[in-house]
Amino acid sequence: MQNKLFINGRFVDALAGGTIDVLNPHDGSRITAIAAAEAADVDAAVDAARRAFPAWSRMAAAERGRLLLKLADAIEAHTEELAQLESLDTGHPIRDSRALDVPRTAACFRYFGGMADKLQGSVIPVEAGFLNYVQRAPIGVVGQIVPWNFPLMFTSWKMGPALAAGNTVVIKPSELTPLSSLRIAELMAEVGFPAGVVNMVPGYGHTAGQRLAEHPGVGKIAFTGSTATGRRIVAASQGNLKRVQLELGGKGANIVFDDADLDAAINGAAWAIFHNQGQACIAGSRLVLHERIADAFLERFGALAASIRLGNPLDPETEMGPLTSAQHRDKVLSYAGVAREQGGRVLTGGKAPALAGLEKGYYVEPTIVEAKPHDRVAQEEVFGPFVTVLRFGSDDEALAIANATEYGLGSGLWTRDLSRAHKLAHSIDAGMCWINCYKRVNPGSPFGGVGQSGYGREMGFEAMHDYTEARSVWVNVDATVPPHFKR
Ligand code: NDP
């Protein structure tokens, strides 16, 4: 199991020799201790990335793509090992790590491997006699800070487009869940990525993360995490006016109308909030129900939630594992009290499960609360298996509730009325809307938010554009330009 920093193609200890324990969320036991990057290690990583940039950015795009495709193949060849590592470190149920996290990671690297030589510039129709063309040039060294909720998948979301576009990378995985990312670094070295093209510096946010965000040698910082930390990243980036891409929190409204296919909506709403224990920025954490179907819906939804199998993430029967850290579990549990303080009702859950074998783990029961649209549990990102139910009577009211938070990331609606579905999809303030489904992602489809959910997009051509600069080149082919200063 790799536990060191990856700088300039080698695994090394932190310069100051510090380490951080990595804990198993199932029972709190220590898995390993990783080297803890600090500012000096980040500086060394940025130096390595800067030295690697000229050759990497000039390498034929198809050749960069070929390395990403080889990486995707290597990830697939190591599916079981990566799935085990991810589940051990994060608490993702192994069935999800096998069926979702690893295949999606490979698919994302493969998509951007194929994209590397498809990103084209353009020719602009300007005045006669001139040729104006626009190149998409890489930015340089990009810094990437990823959180603990989907550490494996986020390596591909972040590094895939950055590398395909010709940038070199310094990435900081969360110190809580660094193990699968470090294994990806090993695989990258094995398939032939040149030294320094990717550097990995797990460490604390306030030291390693902060230095990466403020480093004058970094041209862009891409961050996924909380809105509060996103603001700190923007402040730290100002010294060299680096570009910033932010994928922040969410409070997804998942609206169920009275004409919806209720079987599909009940299962979809459970997936929307309970997948990965609700630790997802796009989680459908506000369940907005038409008053005519709300009671019947809640009876069946509550029964489904109560029947979800909690357990050791490495058990293939487990449907929901532990939260990723004890501190986060405590935060999530505190929200049952927050709901009650404001008059909300806890319908199901709201506590740690009393199940043999799970006593030491960071488990939380699937939790359903009913509240009012402006209560804290309907406004703040809980980031756990915690869904807030709100009721509405008309389409306008549903829309007003959906748009009544500062966030705008994921959203969903369940209805058989097509024109209502499209009308609302265009009116909800969110970067993504799912109709009669929820939480679909694909490497080709732009992913990101509006408002306090951040800016910039991951995936697709949007991501490639976000990792390049448009360079405009003017050529006088055969134009006669009258002299401006006649002498
Ligand atoms: P943070 O936003 O604090 O952390 C995300 C990442 O940023 C971590 O790697 C963290 O490192 C790093 N970081 C923290 N401070 C800085 C800094 N000053 N400069 C640079 N990097 C920094 O999230 P938390 O882990 O504290 O989770 C808190 C809440 O954030 C959650 O409850 C959830 O609501 C939200 N969140 C949203 C995510 C999303 O996908 N949009 C993902 C994770 C969290 P370190 O771990 O050392 O602090």
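The values are calculated or read from the model by the stated rules, or taken from the named source; none is laboratory data. Values in this document were obtained by computation on a predicted structure and should not be read as measured data. Neighbour counts run over all protein chains shown; Cβ positions are idealised from the backbone, glycine included.
Is there a residue in region 360-373 that is over 26 Å from the mean Cα position of the chain (by Cα) and under 29 Å from Ile20 (Cα atoms)? Within region 360-373 (the criterion being over 26 Å from the mean Cα position of the chain (by Cα) and under 29 Å from Ile20 (Cα atoms)), the answer is yes, since at least one residue qualifies. Six or more apart or on different chains, Cβ atoms under 9 Å: show the pairs whose first residue is in region 220-233 and assigned by TED's automatic domain parsing to the domain that holds Glu380 and whose second is more than 6 Å from the ligand (Cβ to nearest atom) and modelled with pLDDT under 95. Taking only residues 6 or more apart or on different chains, not a single pair turns up. What tally of residues in region 408-462 results from selecting those that are under 26 Å from Thr229 (Cα atoms), of a type in the set (A, V, I, L, M) and away from the ligand (no atom under 16 Å from the Cβ)? Within region 408-462, residues that are under 26 Å from Thr229 (Cα atoms), of a type in the set (A, V, I, L, M) and away from the ligand (no atom under 16 Å from the Cβ) number 1. You will find that of Ala260, Ala253, the residue that is under 17 Å from Ala398 (Cβ atoms) and touching a Lys or Arg at 6+ places or on another chain (Cβ under 6 Å) is Ala253 and no other.
Inside region 247-294, can you point out the residues that are on the phi > 0 side of the Ramachandran plot and among the polar types (S, T, N, Q)? Correct list: Asn276, Gln277.
How many residues are under 22 Å from Ala470 (Cβ atoms), near the ligand (Cβ under 10 Å from one of its atoms) and of a type outside the set (A, V, I, L, M, F, W, C) when one looks only at region 213-236? Here the count works out to 0. Counting the residues of region 268-297 that are crowded, with 20+ Cβ neighbours inside 10 Å and in a helix (DSSP H, G or I) gives 12. With respect to the conditions (1) more than 24 Å from Gly343 (Cα to Cα); (2) among the small types (Gly, Ala, Ser); (3) within 16 Å of the ligand (Cβ to nearest atom), Gly384 falls short on a single one, namely (1).
Scanning region 450-466 for residues that are out of contact with any strand residue (DSSP E or B) (no Cβ under 7 Å at 6 or more places or on another chain), in contact (Cβ under 8 Å) with a residue 60 or more places away in the chain and either assigned to a loop (DSSP other than H, G, I, E, B) or under 29 Å from Asn267 (Cα atoms) (or both) yields a total of 2. Filtered by the rule that a residue be touching a Ser or Thr at 6+ places or on another chain (Cβ under 9 Å), free of Cβ contacts under 8 Å to residues at least 40 places away in the same chain and among the hydrophobic types (A, V, I, L, M, F, W, C), region 12-66 gives a lone residue, Ala33. If you scan region 237-259, which residues turn out to be within 12 Å of the ligand (Cβ to nearest atom), within 16 Å of the chain's Cα centre (by Cα) and at pLDDT 95 or above? Correct list: Val244, Leu246, Glu247, Leu248, Gly250, Lys251, Gly252.
Which ones in region 24-42 are surrounded by fewer than 19 Cβ atoms within 10 Å (Cβ to Cβ), of a type outside the set (Lys, Arg) and assigned to a strand (DSSP E or B)? Across region 24-42, the qualifying residues are Ile31, Thr32, Ala33.
To keep it simple, each residue is scored yes or no on (1) in the same structural domain as Gly225 (by TED's automatic domain parsing); (2) farther than 30 Å from Phe301 by Cβ; (3) buried (at least 16 other Cβ atoms within 10 Å of the Cβ).
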residue: Val377; (1), (2), (3): no, no, yes
residue: Gly410; (1), (2), (3): no, no, yes
residue: Gly444; (1), (2), (3): no, yes, no
residue: Ser453; (1), (2), (3): yes, no, yes
residue: Gly460; (1), (2), (3): yes, yes, yes
residue: Ala479; (1), (2), (3): no, yes, no
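Please determine whether any residue of region 412-429 is crowded, with 21+ Cβ neighbours inside 10 Å, outside the structural domain of Gly225 (by TED's automatic domain parsing), under 19 Å from Ala222 (Cα atoms) and not basic (Lys, Arg). The answer is no, given that none of the residues of region 412-429 is crowded, with 21+ Cβ neighbours inside 10 Å, outside the structural domain of Gly225 (by TED's automatic domain parsing), under 19 Å from Ala222 (Cα atoms) and not basic (Lys, Arg).
Total residues in region 144-159 satisfying the condition of being closer than 14 Å to Tyr204 by Cα and either assigned to a helix (DSSP H, G or I) or more than 7 Å from the ligand (Cβ to nearest atom) (or both): the figure is 1. Going by the conditions given, is Pro178 touching a residue at least 24 places away in the same chain (Cβ under 8 Å), within 16 Å of the ligand (Cβ to nearest atom) and under 18 Å from the mean Cα position of the chain (by Cα)? Yes: the conditions hold for Pro178.
Just for region 269-285: of the residues that are of a type in the set (Gly, Ala, Ser) and out of contact with any strand residue (DSSP E or B) (no Cβ under 7 Å at 6 or more places or on another chain), which one is farthest from the ligand (Cβ to nearest atom)? The selected residue is Ala270. The number of residues in region 160-172 that are under 11 Å from Ala222 (Cβ atoms) and away from the ligand (no atom under 13 Å from the Cβ) comes to 4. The residue pairs whose first member lies in region 370-382 and is closer than 19 Å to Leu399 by Cβ, whose second member is more than 16 Å from the ligand (Cβ to nearest atom) and β-branched (Val, Ile, Thr), and whose beta carbons are closer than 6 Å, counting only pairs six or more residues apart or on different chains, are Pro373/Ile401. With the condition kept exactly as written, say whether any residue in region 320-336 is surrounded by fewer than 21 Cβ atoms within 10 Å (Cβ to Cβ), part of a loop (DSSP other than H, G, I, E, B) and more than 26 Å from the chain's Cα centre (by Cα). No.
Among the residues of region 202-212, the ones that are more than 28 Å from Val377 (Cβ to Cβ) and either within 6 Å of the ligand (Cβ to nearest atom) or in the same structural domain as Asp429 (by TED's automatic domain parsing) (or both) come to 4 in all.
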